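The values are calculated or read from the model by the stated rules, or taken from the named source; none is laboratory data. A quick note: this is a predicted structure, and the numbers were derived from the prediction, not measured. Cβ sites come from the backbone with ideal geometry, for glycine too, and all protein chains shown count toward neighbours.
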Amino acid sequence: LSMKIGFIGLGNMGLPMSKNLLASQYEVVGLDLNKESCERFQYAGGEIAQSLVEMTACCGLIFTSLPSSEAAKQVYLARDGLLSSCPADVILVDTSTIAPSLEVEIGTKAEEKGLSFLAAPVSGGVIGAEKRTLTFMVGGAEETLEQVRPHLLKLGSHVFHLGERYDSGTNAKLINNLLIGFYTAGVAEALTLARESGLDLDFLFDVLSVSYGQSRIYERNYKSFMAKENYEPGFTLALLNKDLRFAMDLAASHDLNLPISQALVDLYADAEASGLGAKDMAVIYERIGEQSIT
Ligand code: NAD
C-alpha cells in the first residue's frame with residue numbers, strides 16, 4: 001500500500017490492531033478522543049492526526065474501532081465526518097459492532113459519495129487483536145473486500161464475506177455475541193455451583209478441558225479473569241450489553257420471542273445498573289456468586 005493507513009478509535013481493540021499494522025511496516029495515522037490512547041499509540045511509533053481532514057488527506061484506507069453507534073455516527077456522518085471529508089477513492093472499514101441499520105446507512109451514503117465501505121466487525125477479543133488471530137465478519141462489496149483482504153490478514157487469521165448487504169457481517173457477529181453472553185453466564189453459574197460443592201476449580205478446568213463442557217469462552221473467562229479475580233477489561237460488560245440489545249432488536253424485527261435470551265439481557269442489564277459496566281463481562285461471576293446465596 002503506497003498510502004498511509006488511518007485508524008480511528010485506539011481503545012482496547014484499536015490500539016493492538018493499529019500496533020500490528022505498525023509492526024507490519026505500514027505508516028499508520030491514528031485518532032482518538034482520549035489523550036492517553038493517543039499517547040500509547042505514539043509511543044508505539046504511530047503518528048497522531050489533529051483532525052479527520054488531516055487523516056483523510058493522507059490515508060487510502062481508514063479503519064474505525066468505536067464503542068457505540070453514537071460514536072460511529074459522529075465519526076462517519078457528522079458534517080465534518082469521514083463521508084464528507086474523504087476523497088473519492090478512500091476505502092473505509094468499520095471493525096466496531098454497531099447497530100446493523102447504521103452500517104447500512106453508512107454504507108449506502110458512502111456509495112453515494114463514491115467511497116467504498118465495509119462493515120467488518122471482529123471476534124477474538126483483545127488477545128486475538130494482540131496475537132493477530134481475529135476473525136472478521138464482513139458485509140459489503142466482495143470487490144472491496146478483495147482489495148482490503150491482504151491488510152485484514154495482518155490483523156487477523158480469518159476473513160469471511162457474509163454478504164453484499166452492509167449489515168450481514170454484523171448480524172453474524174451479534175449471533176456470536178449472543179452465544180458469548182450465554183456461555184459467560186453459564187460458566188458463571190456452573191462455577192458458582194462447582195465452588196459451593198467444594199470442587200477445586202483449577203482441577204475442574206483441566207478435567208472439563210477434555211470433556212464436552214469445555215469452550216473457548218470458559219477458557220477465556222476462567223483463565224484470564226475468574227481464576228485471578230481480576231476484571232480489568234477485556235471486553236466490558238457494557239459493550240456486551242450493547243450487543244445483546246442489538247441481538248434482541250434483530251429478533252424483534254423478525255417477530256421472534258427468545259425467552260432465555262431475554263433472561264440474559266435482564267441479568268446483564270441488572271449487573272450494569274449495579275455499577276459493573278466498565279469491568280470485563282466475566283465479572284458476572286461475582287454478581288451471580290453474590291446473588292445466588294439464598
Ligand atoms: P474501547 O472503549 O476500549 O475503545 C473505543 C475507543 O474509541 C476509545 O479509545 C475512545 O476514546 C474512542 N472514541 C470514542 N468516540 C470517538 C470518536 N468520536 N472519535 C475518535 N475516537 C473515539 O472499546 P473496545 O473494547 O476497543 O471496542 C471497540 C469496538 O470493538 C466496539 O464496537 C466493541 O463492541 C468491538 N469489539 C470489542 C471486543 C473486545 O474484546 N474488547 C471484541 C470484539 C469487538
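Some values worked out for this structure:
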read-out	value
Matching residues in the range 132-142 - criterion: being free of Cβ contacts under 8 Å to residues at least 60 places away in the same chain and assigned to a strand (DSSP E or B)	T135, F136, M137, V138, G139
Test: C38 is surrounded by 14 or more Cβ atoms within 10 Å (Cβ to Cβ), in contact (Cβ under 8 Å) with a residue 40 or more places away in the chain, of a type outside the set (F, W, Y) and over 19 Å from G125 (Cα atoms)	no
Wholly within the range 56-131, strands (runs of 3 or more DSSP E) carrying at least 1 residues that are among the basic types (K, R), more than 22 Å from E142 (Cβ to Cβ) and within 13 Å of the ligand (Cβ to nearest atom)	none
Every pair of residues 6+ apart whose Cβ atoms lie under 6 Å, when the first sits in the range 3-21 and is under 17 Å from L239 (Cα atoms) and in the same structural domain as S157 (by TED's automatic domain parsing) while the second is in a loop (DSSP other than H, G, I, E, B) and near the ligand (Cβ under 6 Å from one of its atoms)	G9/S65; G9/L66; L10/D32; M13/S65; G14/S65
Meets criteria (among the β-branched types (V, I, T), surrounded by 13 or more Cβ atoms within 10 Å (Cβ to Cβ) and closer than 17 Å to K173 by Cα) for V283	no
Odd one out for M248 among (1) in contact with a Leu (Cβ under 9 Å, 6 or more places away or on another chain); (2) not small (G, A, S); (3) not in a helix (DSSP H, G or I)	(3)
Verdict on L155 being outside the structural domain of M226 (by TED's automatic domain parsing), of a type outside the set (V, I, T) and either at positive phi or touching a residue at least 40 places away in the same chain (Cβ under 8 Å) (or both)	yes
All positions within the range 195-229 that are hydrophobic (A, V, I, L, M, F, W, C) and buried (at least 16 other Cβ atoms within 10 Å of the Cβ)	L204, F205, L208, I217, F225, M226
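Results for (1) buried (at least 21 other Cβ atoms within 10 Å of the Cβ); (2) assigned by TED's automatic domain parsing to the domain that holds L244; (3) at pLDDT 95 or above, shown as yes or no for each residue.
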{"site": "D89", "(1), (2), (3)": "no, no, no"}
{"site": "S101", "(1), (2), (3)": "no, no, yes"}
{"site": "S116", "(1), (2), (3)": "yes, no, yes"}
{"site": "A120", "(1), (2), (3)": "yes, no, yes"}
{"site": "S123", "(1), (2), (3)": "no, no, yes"}
{"site": "V126", "(1), (2), (3)": "no, no, yes"}
{"site": "E130", "(1), (2), (3)": "no, no, yes"}
{"site": "T133", "(1), (2), (3)": "no, no, yes"}
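Yes or no, residue by residue, for (1) under 13 Å from the mean Cα position of the chain (by Cα); (2) assigned to a helix (DSSP H, G or I):
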residue	(1), (2)
T144	no, yes
S157	no, no
T170	yes, yes
R195	no, yes
F205	no, yes
